[in-house]
Amino acid sequence: MSEQQTAAVPAPAEPAVPAEPVEVPEPTAAPAVPEASRPPRRALRAVARWTVALLVFGGLGTGTALAITSAERTDVPGLATESDGRWDYPKLSLPALPAGAPRPFTDANTAEIHHADLRKLLLPAPAGSTPDKALDGGWVKQERFLAEYAAEDREELAQLLVDAPPRHIAARGWTMPDGTRARIYLLRFNSTAFATHMRDELNLGTTMQRTPAGAEETAFDTTWTFSRAVKGVASYVLTEKAPHGAAHTRLAYSGAGDTLALIVHERPGKKEAARIPFQQTVILQNQLLG
């Protein structure tokens, strides 16, 4: 397949299909017993009754076990397994490239430049979500990106964007049925050096002093273990410390060559923004950037 063709992102393996129920073989007849050693008929009848009972109960027990083994856990009362909360994203694919342009992180692209349309590298919204009309997957201004930070940090961050100006900023947002608001920003710089400078100025991997708008205080998420899960992409994942304010925020930065991603999940109310769908969002976005 050529670089200009769309490359499929590997999808998680489908769960194994349960095996078909196995038929229980009929019990074989007992060997004949010599006449001289046969017990009295009354004893034979008692043994026969117990044998039938054991076969019936044994057969019922075996049949129940096979039924549970072959059925989905959610179909069996008492064995239902709750979903881990993952969101239902559409199947992902990488966008086509201009003629002759290599993908990032290949031997032919030592500068680690993303030649694809930045808007097509944005993760699509999952099923059941309500799109954010202001962040519809198109270009956004720097002011919209800066609005993700506390007011006291915006002036300094704005100067960073003057010193190392991004070529483009693309963004997409949506809201889930539980109220979680998700936003993704992709900033493409003129070179990997400019993107690295921005990452350094944000203190990614060290103190990360810039606070998201509406959050009290953030800290690095120690449950994140996928920092290098995608070749060429490094992620820095943070979560708002307890007690949080009117909403709980999770955010991540992903550095990928000339591009920097900001991913935010924000859930209003007392509950935290769910960890698993957030990390799922980060990993899938990283796959598109890698």
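The values are calculated or read from the model by the stated rules, or taken from the named source; none is laboratory data. In this text, all values refer to a predicted model and were calculated from it rather than measured experimentally. When we count neighbours, we look across all protein chains shown, and the Cβ atoms used for this are built from the backbone with ideal geometry, even at glycine. The protein model used for the area step is the full one, side chains on, heavy atoms only, and it has no ligands, DNA or RNA in it. Shrake-Rupley method; radii C 1.70, N 1.55, O 1.52, S 1.80 Å.
Observations, loosely collected:
- Scanning the range 118-128 for any residue that is farther than 23 Å from N190 by Cβ, at pLDDT below 90, open to solvent by 30 Å² or more (accessible area, probe 1.4 Å) and assigned to a loop (DSSP other than H, G, I, E, B) turns up nothing.
- The criterion of at least 1 residues that are of a type in the set (A, V, I, L, M) and either out of contact with any strand residue (DSSP E or B) (no Cβ under 7 Å at 6 or more places or on another chain) or modelled with pLDDT of 90 or more (or both) is met, among strands (runs of 3 or more DSSP E) falling completely within the range 196-276, by 234-240, 247-256, 259-268.
- Hits in the range 89-140 - residues which are among the small types (G, A, S) and in contact with a His (Cβ under 8 Å, 6 or more places away or on another chain): A101
- Residue list for the range 160-174, restricted to those being touching a residue at least 24 places away in the same chain (Cβ under 8 Å), over 14 Å from L260 (Cα atoms) and open to solvent by 20 Å² or more (accessible area, probe 1.4 Å): D163, R172
- Filter pass, A182 being surrounded by 16 or more Cβ atoms within 10 Å (Cβ to Cβ) and touching a residue at least 40 places away in the same chain (Cβ under 8 Å): yes
- Matching residues, the range 214-262, being among the charged types (D, E, K, R), open to solvent by less than 30 Å² (accessible area, probe 1.4 Å) and over 20 Å from T192 (Cβ atoms): D221, E240, R250
- Applying a threshold of 6 Å to beta carbon distances and a minimum spacing of six or more residues, or different chains, the list of pairs starting in the range 127-148 at a residue that is under 9 Å from R172 (Cβ atoms) and in contact (Cβ under 8 Å) with a residue 12 or more places away in the chain and ending at one that is among the basic types (K, R) and open to solvent by 60 Å² or more (accessible area, probe 1.4 Å) reads G137/R119.
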